[in-house]
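Student: Here it is, the structure, as structure tokens.
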């Protein structure tokens with residue numbers, strides 16, 4: 001199974017860059033027909049994870065993926081599943 005991984009630790013202070021990278025990875029997954037994208041916002045206070053989840057709940061983004069899983073064992077990971 002092909003998988004993309006996006007680590008947001010390096011760009012956590014730049015909101016516009018975060019959104020740009022999230023858009024890029026969603027578009028790449030759709031274009032290359034990749035089934036799973038792992039987004040790592042980190043464990044921290046949870047603000048970055050909330051930003052990622054708000055982004056994924058936008059109607060224009062939500063219609064591109066199938067479902068979201070939040071890792072139960074590792075609070076700092078979000079899995080986005082695609083059905084092509």
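A quick yes/no check of all residues on (1) over 26 Å from residue 72 (Cβ atoms); (2) not in a helix (DSSP H, G or I):
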position: 5; (1), (2): no, yes
position: 9; (1), (2): no, yes
position: 16; (1), (2): yes, no
position: 27; (1), (2): yes, no
position: 30; (1), (2): yes, no
position: 38; (1), (2): no, yes
position: 44; (1), (2): no, yes
position: 49; (1), (2): no, no
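Conditions (1) modelled with pLDDT under 95; (2) touching a strand residue (DSSP E or B) at 6+ places or on another chain (Cβ under 7 Å); (3) under 20 Å from residue 82 (Cα atoms), marked per residue:
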| residue | (1), (2), (3) |
| --- | --- |
| 2 | yes, no, yes |
| 6 | yes, yes, yes |
| 12 | yes, no, no |
| 19 | yes, no, yes |
| 30 | yes, no, yes |
| 40 | yes, yes, yes |
| 43 | yes, no, no |
| 48 | yes, no, no |
| 63 | yes, no, yes |
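Student: Mind checking which residues of the stretch 51-84 are part of a strand (DSSP E or B) and exposed (fewer than 11 other Cβ atoms within 10 Å of the Cβ)?
Tutor: Result: 67, single match.
Student: For the subset of the stretch 24-50 comprising residues that are farther than 14 Å from residue 5 by Cα, without any contact (Cβ under 8 Å) to a residue 40 or more places away in the chain and within 13 Å of the chain's Cα centre (by Cα), which member is surrounded by the most Cβ atoms within 10 Å (Cβ to Cβ)?
Tutor: 49
The values are calculated or read from the model by the stated rules, or taken from the named source; none is laboratory data. What you see is a predicted model; the values in this text were computed from it and never measured. Because the Cβ atoms are built from the backbone with ideal geometry, glycine has one as well, and the counts that use them run over all protein chains shown.
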